[in-house]
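The values are calculated or read from the model by the stated rules, or taken from the named source; none is laboratory data. Computed from a predicted structure; not experimentally measured. Don't worry about glycine lacking a Cβ; one is built from the backbone with ideal geometry, like all the others, and counts go over all protein chains shown. Surface accessibility is based on the protein's heavy atoms, side chains included, excluding ligands, DNA and RNA. Shrake-Rupley method; radii C 1.70, N 1.55, O 1.52, S 1.80 Å.
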Amino acid sequence: MLRKLTFILFAALLVAGIALHKWNKELKADMNEEMKASYTAPAEAIGKLPGNGNPVVAHKFGADPYALAFGGRVYLYNTNDVLEYDGEGEVKDNTYGNINKLSVLSSDDLINWTDHGVIRAAGPEGAARWATQSWAPAAAHKKIGGEDRFFLYFANNASGIGVLTSDSPTGPWTDPIGKPLISRDMPAAAGVTWLFDPAVLVDEDGTGYLYYGGGVPEGQHEMPNTARVVRLGDDMISVAGEAATIPAPFMFEDAGINKYNGEYYYTYCSNFYNGARPEGSPPAGEIAYMTSDNPMGPWTYQGSILQNPGQLFGVGGNNHHAIFQFQDAWYIAYHAQTLAKAMGVAKGYRSTHLNSVRFAEDGSIVEIAADWKGVDPIKPFDPFVLADAATMAWSAGVTAQPFVGDETDRQSAKLVVSDVHDGDWTAVAGVDFGDGASSVSASIASAAEGSTIELRLDRPDGKLIGTLVVPNTGSLRQWKEVETKIAGAEGIHDLYFLFRGESEKELLRFNAWRFGR
């Protein structure tokens with residue numbers, strides 16, 4: 001009898017165990033499904049993919065780049081391309097006619113770029129109110145009276161060239177003359193079809209030279225003679241002497257000027273004439289160059305050095321560039337519609353790229369190999385120094401906008417990471433944690449509950465080294481510093497800030513960060 005009761009009890013427990021196991025399995029399945037439904041995978045990078053250096057940023061456009069090296073950093077000044085929409089909300093072709101701002105990025109390692117926002121150059125709220133547009137900037141630095149002065153030359157469409165000045169490479173900028181530096185009624189504009197696309201050189205003796213012009217008069221494709229150079233006054237905001245013609249074969253637009261080993265290099269974009277060209281002429285839409293032993297010429301044509309973006313990236317358009325030296329190496333900044341193509345809107349919206357430039361022993365420029373990889377970083381990133389959150393190598397889903405504090409604060413010139421939603425991220429390349437980091441702090445503003453910033457290594461879903469809990473600070477303009485412990489961060493890694501939260505609205509704004517040892 002006892003054996004029978006024991007068997008019955010065992011059978012009952014077995015059935016109950018099977019039922020419990022099945023219930024647990026179903027419960028886990030339901031929980032997994034619920035977790036899958038609530039989990040948001042990290043956003044996908046568009047345009048600039050992790051590991052690549054081109055285009056230089058993925059959160060905004062930027063065209064007609066010009067580079068200025070100063071104080072251990074490179075500053076890139078760009079035409080501020082922004083998407084235009086038709087009446088039905090669809091992206092339309094870039095008209096260029098509404099562009100009255102310039103944008104500024106800077107870097108000290110050529111992979112992580114700090115967004116400094118826009119320069120209101122033209123228009124009713126611009127520094128130069130006489131101008132309606134601001135295209136194709138060129139920047140220069142010169143000491144005047146022992147003080148650092150910065151000069152920014154820009155095109156008012158194709159009708160004139162203006163100049164802005166500042167005591168900082170990031171501004172604020174003012175118009176020192178209240179009118180065009182070069183206008184249509186000046187002798188320096190005679191015979192120039194398009195009065196735009198400036199480039200500037202400050203020679204070793206302090207003398208400044210401005211290069212500009214472009215366009216193709218009817219029937220003059222082979223030798224348009226629309227490129228000019230003129231000497232600037234000592235103040236860099238006036239013209240001294242007469243302009244000289246630069247006889248650039250198949251000239252189209254986009255002046256560039258550099259000095260290397262005592263030789264002057266004038267670079268430009270060739271025109272798109274589709275007829276026969278003499279042997280040795282630059283192909284259509286390529287960057288070509290000429291040399292001289294004098295900044296005013298005469299010039300000798302040398303050849304073509306950079307193909308059109310259509311041949312390099314599968315998306316065409318005009319070609320615009322600037323060659324610059326940074327810490328004993330040479331580089332070229334140029335634009336292409338790579339980000340716009342990746343977004344499905346290749347309609348004239350351009351992005352800046354960087355590649356290396358090499359001079360042969362005879363002084364000639366070796367043909368430039370443009371690619372997605374870009375240039376190698378020249379140094380690691382120091383995470384133990386306060387860093388702007390708007391310094392990024394790669395990003396997904398975010399934008400940047402000017403810092404705004406509470407009502408007692410004035411608006412700052414710096415930018416913060418914004419438009420942050422669940423799964424978005426930013427990344428900094430080549431972060432050197434050395435022997436290890438123990439903590440991280442960040443300046444954050446949020447009006448949402450339950451948001452976090454996950455700090456991960458090498459990938460958006462890589463090794464988790466810490467999580468910053470983001471409090472509701474009251475609004476997106478009320479800032480608070482938060483801190484958390486870090487574990488597992490040693491050596492050099494790419495650092496990802498992965499944003500998490502439940503709100504469908506903007507989760508937070510991200511101002512600055514720093515690691516502690």
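Annotations for the structure displayed:
- Residue list for region 247-274, filter: within 19 Å of Gln311 (Cα to Cα), in a loop (DSSP other than H, G, I, E, B) and not hydrophobic (A, V, I, L, M, F, W, C): Asn271, Tyr273, Asn274
- Residues that are touching a strand residue (DSSP E or B) at 6+ places or on another chain (Cβ under 8 Å), within 30 Å of Gly51 (Cα to Cα) and either surrounded by 22 or more Cβ atoms within 10 Å (Cβ to Cβ) or of a type in the set (S, T, N, Q) (or both) within region 93-109 comprise Leu102, Ser103, Val104, Leu105, Ser106, Ser107, listed in sequence order.
- Unique match (being surrounded by fewer than 16 Cβ atoms within 10 Å (Cβ to Cβ), modelled with pLDDT of 95 or more and either among the acidic types (Asp, Glu) or out of contact with any helix residue (DSSP H, G or I) (no Cβ under 9 Å at 6 or more places or on another chain) (or both)) among Glu33, Glu90: Glu90
For every residue, the table says whether it meets (1) free of Cβ contacts under 8 Å to residues at least 60 places away in the same chain; (2) under 28 Å from Gly262 (Cα atoms); (3) outside any strand (DSSP E or B).
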| position | (1), (2), (3) |
| --- | --- |
| Val192 | yes, no, yes |
| Asp197 | no, yes, yes |
| Val200 | no, yes, no |
| Asp205 | yes, yes, yes |
| Tyr212 | yes, yes, no |
| Gln220 | yes, no, yes |
| Arg231 | no, yes, no |
| Met236 | no, yes, yes |
| Ala243 | yes, yes, no |
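- Screening Gln307, Gln302 for residues that are in contact with an Asp or Glu (Cβ under 6 Å, 6 or more places away or on another chain), open to solvent by 50 Å² or more (accessible area, probe 1.4 Å) and in contact (Cβ under 8 Å) with a residue 24 or more places away in the chain leaves exactly one candidate, Gln307.
Here is a yes/no grid of residues against (1) at positive phi; (2) at pLDDT below 95; (3) in a strand (DSSP E or B):
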{"residue": "Tyr289", "(1), (2), (3)": "no, no, yes"}
{"residue": "Gly297", "(1), (2), (3)": "yes, no, no"}
{"residue": "Asn318", "(1), (2), (3)": "no, yes, no"}
{"residue": "Ile332", "(1), (2), (3)": "no, no, yes"}
{"residue": "Val345", "(1), (2), (3)": "no, no, no"}
{"residue": "Pro377", "(1), (2), (3)": "no, no, no"}
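- Any hit, region 487-509, residues being part of a loop (DSSP other than H, G, I, E, B), of a type in the set (A, V, I, L, M) and open to solvent by 10 Å² or more (accessible area, probe 1.4 Å): yes
- Verdict on Ala128 being farther than 21 Å from Ala255 by Cα, open to solvent by less than 20 Å² (accessible area, probe 1.4 Å) and modelled with pLDDT of 95 or more: yes
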